[in-house]
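Have a look at the structure below before the remarks.
Readers should treat all values here as calculations from the given coordinates under stated rules, not as data from a laboratory. Everything numeric in this text was worked out from a predicted model, so none of it was measured. Don't worry about glycine lacking a Cβ; one is built from the backbone with ideal geometry, like all the others, and counts go over all protein chains shown.
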Amino acid sequence: GRGGGDLLDQRLVMGRLLRHFGEGATLGPRRLPFPSHVLDHLSEWQTIIELTQPHYLAIIDEAVAIGDRPRELRALRSLVRQNYGLPLYEAVEALKVRLSDADTATLSMHVGEIDFDEHVPRWDFERLIGPDVRAVERCVDRALAAAGLAPADIDVVLRTGGSSRVPRFVRMLAEKFGAARLQEMDVFTGVASGLALAAWEGAR
């Protein structure tokens, strides 16, 4: 399955990086738009591999030949043919982590025919993940309602998992419960402990 962190990575790729891979390109004298469904495959590193199918490669190769953004389209071809999907998403994950501590961070990718530096301010990352923050807040509200509790009834809010370090999520929880009640659990052992507890509960 896909974790919350994967969804945030996807927001960055689809919201900030597609322009480096041919988004907005037009093809030939009729200036036909480059097919957006091709770039939709960049939403997860696993689906980038699907673009190695011959009919997708033919679309990309033709776009490189007749498109008005050959540099970006060559970058897309390199991403697909040279299997740079995973390195792309690893760089995005590292960018997301840096944005937890810095007001701005840069994703640099200079491999094959991919050659760009994308400067991302934290405020824009927070804009991109706005729908996810609101979804998490609704989930918290549902959990409180199901338990018959108000935020003031909660003594401790335990943050665990990598995405719990994202400042926008921390702010949302602080606004709801008060910053003094927030505690951070070790990112990795916290998730492992939760999974172990869930497995134990399921086995009872």
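Pop the C-beta distance of residue 182 and residue 86 into the FRET formula with R0 = 25 Å and round what comes out to the nearest 0.05.
Numbers: r = 33 Å, r/R0 = 1.33.
So the FRET efficiency works out to roughly 0.15.
Based only on other Cβ atoms within 10 Å, what is the fewest-to-most ordering of 36, 164?
Values: 36 10, 164 22.
Starting with the residue having the fewest Cβ neighbours, the order is 36, 164.
Taking Cα atoms, how many degrees apart are the long axis of helix 167-177 and the longest axis of the chain, rounded to 10 and kept between 0 and 90?
30
So, counting K/R as plus one and D/E as minus one, what does the shell of residues with Cβ under 14 Å around residue 41 add up to?
Values: positive: 77, 81; negative: 23, 40, 44, 50.
Within the 14 Å Cβ shell, the charges total -2.
Apply the a/c threshold of 1.5 to the C-alpha gyration tensor of the range 40-79 and tell me whether it is rounded, prolate or oblate. Each step should come with its number before you reach the end.
Values: a/c = 2.60, a/b = 1.56, b/c = 1.66.
It is oblate, given that a/c is not under 1.5 and a/b is not larger than b/c.
Between the alpha-carbon centers of the range 85-109 and the range 32-73, tell me the distance in whole angstrom.
With the range 85-109 and the range 32-73 each reduced to a Cα centre, they are spaced 23 Å.
Based only on other Cβ atoms within 10 Å, what is the fewest-to-most ordering of 118, 184?
Values: 118 17, 184 13.
If I rank by nearby Cβ atoms, fewest first, I get 184, 118.
Quote the charge dipole size of the chain about the Cα centre in Debye, to the nearest 20; the model charges only the Cβ of Lys and Arg (+1) and of Asp and Glu (-1). Mind showing how you got there, number by number?
Working: 25 positive and 29 negative charges, 68 e Å.
Here the size comes out at about 320 debye.
Counting Lys and Arg as +1 and Asp and Glu as -1, what is the net charge of the other residues whose Cβ lies under 14 Å from the Cβ of residue 25?
Numbers: positive: 19, 30, 31, 69, 71, 74, 77; negative: 23, 61, 62, 68, 72.
Its environment carries a net charge of +2.
Near residue 64, within a Cβ-to-Cβ distance under 13 Å, what is the net charge of the other residues, with Lys and Arg +1 and Asp and Glu -1?
On the way: positive: 69, 71, 74, 77, 81; negative: 61, 62, 68, 72, 113.
Net charge in that neighbourhood comes out at 0.
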